[in-house]
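These notes concern the structure reproduced below.
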Amino acid sequence: MRLPRKLFASYVLLVAASTVTLVVASDRSLRSRLLQEATVEVTRETAYLARAVGTLRGAPLDSLVHQLGRTTGRRLTVIDRSGVVIADSDFPQDELPSLENHASRPEFREALAGRTGTDIRHSVSTGRWEMKVAMPVAGGAVRVSTPLPQVDAVVQDAQNAVLLGGLLALAVGAVLALGFARSVARPLLRLRDAAQSIARGERPVIDVRGRDEVGDLARALRSLEENLSGRMAELERERSEMTALVASMVEGVIALDAGGAVTTLNPASRRLLKLAPDAAPPAALELFRQRTAREAVEQALRGEETATIEVELESRTALLSSHPLPDGGAVLVLHDITGLKHLETVRRDFVANVSHELKTPLTVIRGYAETLAAEDVPAEVRRDFLDKVLANARRMQQLVDDLLDLSRIESRAWSPRPERIPLGPLVHEVWSTLKPRADAARLTLSTRIADTMLYADPQAARQVLFNVLDNGVRYTPDSGHITVLASTGPAGVEIEITDTGVGIPGEHLPRIFERFYRVDPARSRELGGTGLGLAIVKHLVEAHGGRVEALSTLGAGTTIRMLFPEPIPH
Ligand code: ADP
């Protein structure tokens with residue numbers, strides 16, 4: 001049942017119960033009061049009649065009784081000691097023998113005992129409710145009987161009035177109760193609606209006021225809602241912050257629930273696991289093929305802390321750390337170390353290469369030096385040995401110089417200080433240092449540079465041109481030709497140095513700019529190369545913001561193309 005109806009029903013019941021109680025109570029109290037009064041009156045009359053019967057002794061009893069009965073309007077009975085009626089105002093003398101013996105009547109017995117006896121009962125002779133009052137007289141008792149219809153009538157009237165009043169009160173009360181129930185229930189119903197909308201996550205309207213308990217409840221609900229929505233906003237902010245954080249993390253983050261299902265998979269982890277951005281995530285144990293990785297995930301899902309392990313993914317290497325969550329599930333973090341691993345390999349290879357490159361000339365120098373020191377070597381042989389020692393020392397010197405150059409360029413300590421320089425004179429200046437060797441091999445140079453102006457660090461540009469032209473001289477057989485072309489375009493100055501040399505096989509082309517990478521190591525060493533020339537070129541050009549590439553046809557020649565960008569105007 002709804003609240004207003006409940007309240008209404010209770011008010012109506014209350015009024016009805018009060019009315020019934022009032023009717024019953026009025027019946028009881030009025031009846032007893034009336035009977036009390038009747039008893040007093042009839043007792044007084046009985047006493048009078050008893051005295052009259054006693055005083056008028058000698059007169060014919062029957063006519064006296066009838067006379068007194070007529071005068072008072074009561075039934076008057078005279079009963080002898082044995083209970084036989086000897087006179088009765090309601091019956092003639094000749095009918096008296098037919099009346100019952102009164103010896104057992106309670107009022108009569110009281111009177112015989114010398115007291116006033118009173119009784120109210122349903123009379124067999126008159127068929128009505130009657131009050132009987134008996135008093136002792138000489139030789140028996142006198143009894144006055146009076147019917148009680150007045151009492152019933154008065155009580156009935158009073159009850160009718162109370163009932164009418166009760167019905168009226170019920171009607172008025174019902175109307176008032178309806179209004180009251182509504183006015184009490186309305187704010188409560190509004191609070192219920194407000195609480196329901198809070199539960200649905202909406203912002204409720206709480207417009208209940210007042211200083212009573214309902215008002216207090218409304219205020220409590222309002223502050224609860226304010227606290228709740230503040231907390232919710234805070235949680236929402238923290239959640240989106242966390243989502244953004246996880247999404248933007250370089251590390252792959254994977255969250256698993258207690259059942260091992262993937263609940264979060266950030267973009268980095270999708271990249272590492274080679275999963276499409278919209279692909280459904282696989283089950284936790286299918287994330288990794290590596291057994292140790294699967295064991296680590298299982299362990300974390302069992303709530304155990306695990307050590308960080310290295311896992312091999314599709315094409316990358318990562319460190320996997322798995323952390324169990326307090327309420328079941330786990331968080332897996334993948335840290336991509338492919339780059340680090342590559343750097344490590346490069347570093348190891350570099351150290352091995354440097355050691356090897358230094359070891360070869362050093363072994364040669366030591367060999368010749370030991371021979372020279374131990375044996376008595378003829379003068380011309382000694383000369384030859386010393387030349388070899390010197391050549392290898394120069395090679396070592398060259399290697400160390402190149403290494404120092406490379407490390408200087410790679411370290412952030414160095415940066416190009418570009419300026420405008422005419423390219424033509426620079427090319428000829430560099431060529432002049434190579435000319436003796438070029439002439440010896442009958443190599444010629446032609447340039448198409450015009451008055452190209454290069455925007456570059458002069459020292460770096462000189463070194464770049466030297467390294468490339470030096471390669472041209474070294475890898476071009478006798479009577480070959482080297483061309484330098486320069487053109488200025490919107491992107492900057494492009495320089496192409498082409499030789500008619502041995503060329504580079506296609507599969508080696510992408511790698512010739514790596515440190516110590518040589519197509520033919522033995523030949524390079526023989527020609528005095530260190531394997532670092534093009535690596536230095538690449539670093540220097542890129543330090544200017546430019547780029548370098550190699551094009552080659554095996555047996556026909558090689559072109560090294562470099563772009564030096566124009567400065568961005570301020
Ligand atoms: P190197 O000191 O060995 O010449 P570089 O870094 O200058 O080292 O060149 C790397 C490799 O590229 C060389 O060993 C050589 O095999 C190849 N190379 C470079 N320039 C030329 C060229 N002009 N013609 C043919 N091969 C070349």
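The values are calculated or read from the model by the stated rules, or taken from the named source; none is laboratory data. Bear in mind that the values here come from a model prediction, so they are computed numbers and not experimental data. A quick note on method: Cβ atoms are made from the backbone with ideal geometry, for glycine too, and the neighbour counts reach across all protein chains shown.
What to note about this one:
- Residues of segment 173-197 satisfying the condition of being of a type in the set (Val, Ile, Thr) and modelled with pLDDT of 85 or more: VAL175
- Hey, VAL473 touching a helix residue (DSSP H, G or I) at 6+ places or on another chain (Cβ under 8 Å), at pLDDT 95 or above, buried (at least 17 other Cβ atoms within 10 Å of the Cβ) and farther than 28 Å from PHE516 by Cβ or not: no
- Criterion applied to VAL354, VAL346, VAL331 was being surrounded by 12 or more Cβ atoms within 10 Å (Cβ to Cβ) and in a strand (DSSP E or B), and the one residue passing it is VAL331.
- Contacts under 7 angstrom Cβ, first residue in segment 352-373 being within 16 Å of ASP384 (Cα to Cα), partner β-branched (Val, Ile, Thr) and surrounded by 15 or more Cβ atoms within 10 Å (Cβ to Cβ), 6 or more apart: ILE365/VAL389; TYR368/VAL389; ALA369/VAL389; THR371/VAL377
- Filtered residue count, segment 98-115, keeping only those that are assigned to a loop (DSSP other than H, G, I, E, B) and among the hydroxyl-bearing types (Ser, Thr, Tyr): 1
- Residue selected from segment 466-483 under the condition in a strand (DSSP E or B) and closer than 11 Å to ILE497 by Cβ, by the criterion nearest to the ligand (Cβ to nearest atom): ILE482
- Of the listed requirements (1) within 8 Å of the ligand (Cβ to nearest atom); (2) among the aliphatic types (A, V, I, L, M); (3) touching a strand residue (DSSP E or B) at 6+ places or on another chain (Cβ under 7 Å), VAL548 misses just one: (1).
- Residue in segment 436-451 that is closer than 27 Å to SER479 by Cβ, hydroxyl-bearing (Ser, Thr, Tyr), surrounded by 11 or more Cβ atoms within 10 Å (Cβ to Cβ) and assigned by TED's automatic domain parsing to the domain that holds VAL541 present: yes
Residue by residue, here is whether (1) closer than 30 Å to LEU399 by Cβ; (2) modelled with pLDDT under 90; (3) in a strand (DSSP E or B); (4) outside the structural domain of LEU532 (by TED's automatic domain parsing) holds:
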{"residue": "GLU298", "(1), (2), (3), (4)": "no, no, no, yes"}
{"residue": "GLU304", "(1), (2), (3), (4)": "no, no, no, yes"}
{"residue": "GLU310", "(1), (2), (3), (4)": "no, no, yes, yes"}
{"residue": "SER315", "(1), (2), (3), (4)": "no, yes, no, yes"}
{"residue": "ALA318", "(1), (2), (3), (4)": "no, no, yes, yes"}
{"residue": "SER321", "(1), (2), (3), (4)": "no, no, yes, yes"}
{"residue": "ASP327", "(1), (2), (3), (4)": "no, yes, no, yes"}
{"residue": "PHE350", "(1), (2), (3), (4)": "yes, yes, no, yes"}
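- Residue that is within 9 Å of the ligand (Cβ to nearest atom), among the aliphatic types (A, V, I, L, M), touching a Phe, Trp or Tyr at 6+ places or on another chain (Cβ under 9 Å) and over 24 Å from ARG408 (Cα atoms), where the choices are ILE504, ILE497: ILE504
- Residue selected from segment 551-570 under the condition more than 10 Å from the ligand (Cβ to nearest atom) and surrounded by 22 or more Cβ atoms within 10 Å (Cβ to Cβ), by the criterion farthest from THR483 (Cα to Cα): PHE564
- Of the residues examined, THR371 is not one that is part of a helix (DSSP H, G or I), modelled with pLDDT under 95, among the β-branched types (Val, Ile, Thr) and in contact with a strand residue (DSSP E or B) (Cβ under 9 Å, 6 or more places away or on another chain).
- Any hit, segment 522-531, residues being more than 56 Å from the chain's Cα centre (by Cα), over 22 Å from ASN392 (Cα atoms) and within 12 Å of the ligand (Cβ to nearest atom): no
- A single entry from GLU241, GLU225, GLU236 fulfils the requirement of being modelled with pLDDT under 90, part of a helix (DSSP H, G or I) and either of a type outside the set (S, T, N, Q) or under 26 Å from GLU314 (Cα atoms) (or both): GLU225.
- Cβ separations smaller than 8 Å between residues 6+ apart or across chains give the following pairs from segment 505-516 residues that are free of Cβ contacts under 8 Å to residues at least 12 places away in the same chain and assigned by TED's automatic domain parsing to the domain that holds ALA535 to residues that are part of a loop (DSSP other than H, G, I, E, B) and within 9 Å of the ligand (Cβ to nearest atom): HIS508/TYR517; HIS508/VAL519; ARG511/TYR517.
- Of note, LEU148 satisfies the criterion of being assigned by TED's automatic domain parsing to the domain that holds ARG75, at pLDDT below 85 and not hydroxyl-bearing (Ser, Thr, Tyr).
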